[in-house]
Structure formats: structure tokens, C-alpha cells
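A short worksheet on the structure shown next.
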Amino acid sequence: MEITKFQEYPLPEKVGNGKESNVFRISNNHAAKTPIIPHEITLKNLEKEFEIAKILFDKGISVPKPEGIFFIKYDIHFLKSFIMEYIEGKNGFEISNEEYSYSARLWREELERARGLGFITYDSSHAGNFIWSPKKEKIYLIDFEMWEPMREIWK
Ligand SMILES: Nc1ncnc2c1ncn2[C@@H]1O[C@H](COP(=O)(O)OP(=O)(O)OP(=O)(O)O)[C@@H](O)[C@H]1O
Ligand SMILES: [Mg+2]
């Protein structure tokens, strides 16, 4: 497995604090989602999230472009991480009411499209699980660890 291919910032900037993972900006264009405790379950979920992100991206759903699972260097440690496109913007909890009323509509539409492909979108009602990009005037769905695909999607 490749190591730190995407890492340009020697000290990645933390952009998200989750319960099980942290999200870091590791370069101008890339973010890394890194399990806080890299045990069997969290690493399996990371792989699952990458697989789902790939399907969504390939089917034209608005998600950060998935790049792969790589080891990223933090301080003296190398930690397995899901690397994706970094989105300049704010999550649904961080934006103003005006931005929310517009972006939440796009968010719902994108989720409907993902459900139409056969995904059960557990955990998606959490406003921290979409990013609003004012520059592109679009939203990006993130955080697919809890999603479940119906069997035929995997084929
Ligand atoms: N590709 C990205 N580009 C920019 N910011 C991101 C990206 N991915 C995640 N973030 C930021 O990190 C936050 C946490 O991401 P995510 O929801 O995937 O992690 P999580 O560990 O599942 O968090 P939680 O447990 O809070 O749901 C997001 O709300 C967002 O602010
Ligand atoms: Mg989340």
C-alpha cells in the first residue's frame, strides 16, 4: 500500500472532529478521514466508506472525489486513511440560516437520488454530513460508513 502519496502539508490541519474519525486537510486538494482508533471494525468501515463513495461518484452523485485508502504520516505515526477531494466550504451545521434554506433543499434532492440507486442512507439526516460549497453553489454528501447498499449495487 502506498504511503503519503497525497500528503503535501507536513502538519495536516484538522477540519472535522468525529466520534470515531478525524478529518484532516492534507493538501490543497485532499482531505483524509482517519479512524481515531485503528481497530478491525473502524478500518472495515473505512474500506466500506471508500467503496460506497466510489459507486456514488461513478453514478454522478455529488460527493468528494474518492482517491483511495492510504497511510498518512501524522507526526511520527502512519495512520490508515480514506483520501478524498478536499471541499472548500462548510458543513450544514456551520452555515447561516439563509445558506441552509437553499442548500438543505439540494441536500434532500441528492439523498433522494442516492436512495433511488438503492442505498439505505442511515445517518444522513445529520447536517454535519453534507458540505455546502458557496463557490460552486452545490452540496456534497459525505460520511457513508453507516449506509447500506442493496445487494445488486455491489455487482
Ligand atoms: N472532503 C472533505 N472536505 C472538507 N471537509 C470535510 C471533508 N470530509 C469531511 N469534512 C469535514 O469533517 C467533518 C466530519 O466528517 P465526517 O462526517 O465524514 O466524519 P465522522 O467522523 O463520521 O463525523 P461524525 O461522527 O461527526 O459524523 C464534516 O462535517 C466536515 O466539516
Ligand atoms: Mg459525520
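Quick check: from the Cα gyration tensor, does the range 13-85 come out rounded (a/c under 1.5), prolate or oblate? It is oblate, given that a/c is not under 1.5 and a/b is not larger than b/c.
In the range 47-125, taking the dipole from charged Cβ atoms about the Cα centre, the farthest positive-side position among 87, 119, 64 is held by 119.
Solvent-free Debye calculation, one equal scatterer per alpha-carbon of the range 1-146: log10 I(q)/I(0) at 0.09, 0.10, 0.12 Å⁻¹ equals -0.26, -0.32, -0.47.
Compared with the direct C-alpha span, the chain from residue 115 to residue 93 gains 5.7 nm at full extension, assuming 0.36 nm per residue. Angle of helix 40-58 to the longest C-alpha principal axis of the chain, folded into 0 to 90 degrees and rounded to 10: 50°.
Mind pulling the angle between the C-alpha long axis of helix 97-116 and the longest principal axis of the chain? Nearest 10 degrees, somewhere in 0 to 90. Taking the Cα atoms of the chain, the angle to 97-116 is about 90 degrees.
Taking every alpha-carbon pair under 8 Å whose residues sit at least 6 apart, the range 1-99 reaches a relative contact order of 27 percent.
Taking a straight Cα-Cα cut-off under 18 Å and skipping sequence neighbours fewer than 8 places away in the same chain, the lysines within cross-link reach of residue 19 are 33, 44, 48, 80. Give me the net charge for the shell around residue 12: Cβ to Cβ below 13 angstrom, other residues only, Lys and Arg +1, Asp and Glu -1. Once all neighbours under 13 Å are counted, the net charge is +1.
Across the range 90-154, the relative contact order, built from alpha-carbon pairs under 8 Å that are at least six residues apart, equals 39 percent.
Estimated at 0.36 nm per residue, the fully extended path between residue 126 and residue 17 surpasses their Cα-Cα distance by 37.8 nm. Each label point was placed 7 Å from the Cα along the Cα-to-Cβ direction; for residue 65 and residue 104 their separation is 3.2 nm. For the range 90-154, the square roots a ≥ b ≥ c of the C-alpha gyration tensor eigenvalues yield an a/c of 1.5 or more together with a/b exceeding b/c, which makes the shape prolate. Counting charges near residue 46 (Lys, Arg +1; Asp, Glu -1) among other residues having Cβ under 12 Å from its Cβ returns a value of -3.
The charge dipole of the chain, taken about its Cα centre with unit charges on the Cβ atoms of Lys, Arg (+1), Asp and Glu (-1) only, comes to about 180 debye.
Amide H contacts for residue 90 (H built 1.01 Å from N in the peptide plane; partners 5 or more residues away or on another chain; cut-off under 5 Å): 132.
Taken together, the values in this text are just the output of simple stated rules run on the coordinates, not laboratory data. Note that the structure is predicted; figures quoted are calculated from it, not measured. Neighbour counts are summed over all protein chains in view; Cβ atoms, including those assigned to glycine, are modelled from backbone coordinates with ideal geometry.
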